[in-house]
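Engineer: Mind having a look at this structure? Questions to follow.
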Amino acid sequence: MTMNAHDLTEQSPLTSIIIITRNGLSFTKECITSIFQHTKENFELVLIDNGSTDGTLEFLQTVPRARIISNKENKGFPGGCNQGLRIARGENIVLLNNDTVVTKDWLKRLIWSLNNHYSCGIIGPRSNFILPHQSIPQLSYKTMDQMHEFANEWSQKNEMKSYEVDNLSGVCMIFKRDLIDKIGGLDERFSPGYYEDTDFCIRALIYGTRLLVANDVFIHHYGSSSFKIDRIWQKKMIHQSEKKFFTKWSMTHLNEIRKVVARERPFSRERHYVPF
């Protein structure tokens, strides 16, 4: 696989971009192609395949700058991410869904926000299909060219702007390697997925770091509507993970996050750290 990696800045700190795949080959190809087209920073791809049967693994093996783990069975999103965290070599770590398309200077801007905001633990971008407080509603682009045009204009208009939030979506998040040394990885009780990202955010808040949205970064997210998934199964998984999440943190609604964080502090390695 030959891709234009532009002028990668080899001397910049390494960023590990962790992507979990389970089928969805066309989305994965578009995602990885966009990374090579729009990322000038020094990066490695950490690709975890959860038993794909559509040629995804064969494609991943052609990708440059990639380290690959091939699971025979589905380890779920948290389990796959933890495998990636164990082998990631970067100072910065990005968790990125395989059905996203990144845009010009996305990583440069995310790293700038991470490095230039006091006590920042995790940063997320804006997107079209994401948590409400990260979403930009009523977007009118119809093609990927129009999307990139919009993203570029949005980034310039919101240069270096950000705002604080209580939780971030695992669709795309960046953090320093030392954060996982402090709070651990993703809690695999939430496998195959849902709420492990919110749990990770809560533990980062309990530790004393802040969560920010980089308002000058927009990435496109196709979302689960693009995958041929069983809606009944999906609703069941969401409900089960939600129940586990609310039980773990003794809460009944996500608007109680700040209250839970205040109650749980200070961070206890025995209670809050998640081994990975």
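The values are calculated or read from the model by the stated rules, or taken from the named source; none is laboratory data. Keep in mind the model is a prediction, meaning the values are calculated, not measured. Methodologically, a virtual Cβ is constructed for each residue, glycine included, from the backbone with ideal geometry; neighbour enumeration extends over all protein chains shown. Keep in mind that these areas ignore ligands, DNA and RNA; they rest on the heavy atoms of the full protein, side chains included. Shrake-Rupley method; radii C 1.70, N 1.55, O 1.52, S 1.80 Å.
Engineer: Taking amide hydrogens as modeled 1.01 Å from N in the peptide plane, which residues meet the under 5 Å criterion relative to GLY185, leaving out close sequence neighbours?
Structural biologist: VAL274, PHE276
Engineer: Residue-wise, which Karplus ³J(HN,Hα) couplings in Hz belong to region 117-122, taking 6.51 cos²θ - 1.76 cosθ + 1.60, θ = phi - 60°, and x for glycine or proline?
Structural biologist: Residue by residue, region 117-122 yields 10, 4, 6, 7, x, 9 Hz.
Engineer: Between the DSSP loop rule and a limit of at most 16 other Cβ atoms within 10 Å, which GluC sites (Glu not before Pro) in region 195-276 are left?
Structural biologist: Answer in residue order: no site qualifies.
Engineer: Treating the beta-carbon of each Lys and Arg as +1 and of each Asp and Glu as -1, no other charges, what is the dipole magnitude of the chain about its Cα centre, to the nearest 20 debye?
Structural biologist: 780
Engineer: If you don't mind, there's one more thing I want to ask. Go ahead and set up a Gaussian network model of the chain, Cα springs under 10 Å, then flag whichever of THR28, THR143, THR15 fluctuates most.
Structural biologist: THR143
Engineer: Using the reciprocal of the averaged 1/r over all distinct C-alpha pairs, how large is the Kirkwood radius of region 205-276 in Å?
Structural biologist: 15.5
Engineer: Oh, and also: What's the center-to-center distance, using Cα atoms, between region 236-264 and region 152-203 in Å?
Structural biologist: So the two Cα centres are separated by 17 Å.
Engineer: Let me ask something else. Can you give the accessible area of ASP178 in Å² (nearest 10), computed on protein heavy atoms with a 1.4 Å probe?
Structural biologist: Rounded to the nearest 10, that gives 80 Å².
Engineer: Applying the Karplus parametrisation 6.51 cos²θ - 1.76 cosθ + 1.60 with θ = phi - 60° to the phi angles of region 22-29, what ³J(HN,Hα) value in whole Hz is obtained for each residue in order, glycine and proline being reported as x?
Structural biologist: 8, 6, x, 4, 5, 5, 4, 4
Engineer: Let me ask another. Can you give the accessible area of TYR195 in Å² (nearest 10), computed on protein heavy atoms with a 1.4 Å probe?
Structural biologist: Approximately 40 Å² for this residue.
Engineer: Using Cα pairs under 8 angstrom and six or more residues apart, how large is the relative contact order of the chain, in percent?
Structural biologist: 21
Engineer: Another question, if that's okay. Could you state the number of Å between the C-alpha centres of region 52-126 and region 23-49?
Structural biologist: Taking the Cα centre of each part, region 23-49 and region 52-126 sit 8 Å apart.
Engineer: Provide the convex hull volume over Cα atoms per residue for region 15-101, in Å³.
Structural biologist: Residue-normalised Cα hull volume stands at 79 Å³.
Engineer: Could you compute Rg(Cα) / (2.2 N^0.38 Å) for region 159-252, with N its residue count?
Structural biologist: Cα Rg divided by the expected 2.2 N^0.38 Å: 1.20.
Engineer: While we're on this one: Around GLY51, which amide H atoms from residues at least 5 apart in sequence, or from another chain, sit under 5 Å from its own amide H, with H modelled in the peptide plane?
Structural biologist: ASN71
Engineer: Further question: Would you please name the GluC sites (Glu not before Pro) within region 47-145 that are DSSP coil residues with at most 11 other C-beta atoms within 10 Å of their C-beta?
Structural biologist: GLU73
Engineer: Work out the P(r) tail for region 106-222: percent of alpha carbon pairs separated by more than 23 Å, whole number.
Structural biologist: The proportion of pairs with Cα distances above 23 Å equals 30 percent.
Engineer: Give the label of the value calculated from the structure for Cα extents along the principal axes in Å, choosing from (i) 50, 42, 39; (ii) 46, 43, 38; (iii) 65, 58, 31.
Structural biologist: So the structure-derived entry is (i).
Engineer: Which of PHE59, PHE36, PRO78 sits farthest toward the positive end of the charge dipole of region 26-94, with +1 on the Cβ of Lys and Arg and -1 on the Cβ of Asp and Glu?
Structural biologist: The residue sitting most towards the positive pole is PRO78.
Engineer: Under 22 Å Cα-Cα from LYS161, which lysines qualify once same-chain neighbours fewer than 8 residues away are excluded?
Structural biologist: LYS40, LYS104, LYS108, LYS176
Engineer: Could you run the Karplus curve 6.51 cos²θ - 1.76 cosθ + 1.60 with θ = phi - 60° over region 249-260 and give me ³J(HN,Hα) per residue in whole Hz, x for Gly and Pro?
Structural biologist: Calculated HN-Hα couplings, in order: 9, 6, 9, 10, 8, 5, 6, 9, 4, 4, 5, 5 Hz.
Engineer: Rounding to the nearest 20 debye, state how big the charge dipole of region 133-276 is about its Cα centre with +1 on each Lys and Arg Cβ and -1 on each Asp and Glu Cβ.
Structural biologist: 580
Engineer: GLY90's amide H: which non-local residues (gap 5+, or another chain) put their own amide H closer than 5 Å, with H modeled 1.01 Å from N in plane and none for Pro or chain starts?
Structural biologist: Sorted by chain and number, the residues that satisfy this are SER16.
Engineer: Given the C-alpha atoms of region 90-131, compute the convex hull and give its volume per residue in Å³.
Structural biologist: Residue-normalised Cα hull volume stands at 97 Å³.
Engineer: Another one. Looking at the chain as a GNM with Cα springs under 10 Å, which of ASN152, ASN92, ASN116 has the largest mean-square fluctuation?
Structural biologist: Between ASN152, ASN92, ASN116, it is ASN116 that shows the largest mean-square fluctuation.
Engineer: For region 43-150, what is the Kirkwood estimate of the hydrodynamic radius, computed as the reciprocal of the mean inverse distance between distinct Cα atoms, to one decimal in Å?
Structural biologist: Details: mean 1/r = 0.0616 Å⁻¹.
Evaluated on region 43-150, it is 16.2 Å.
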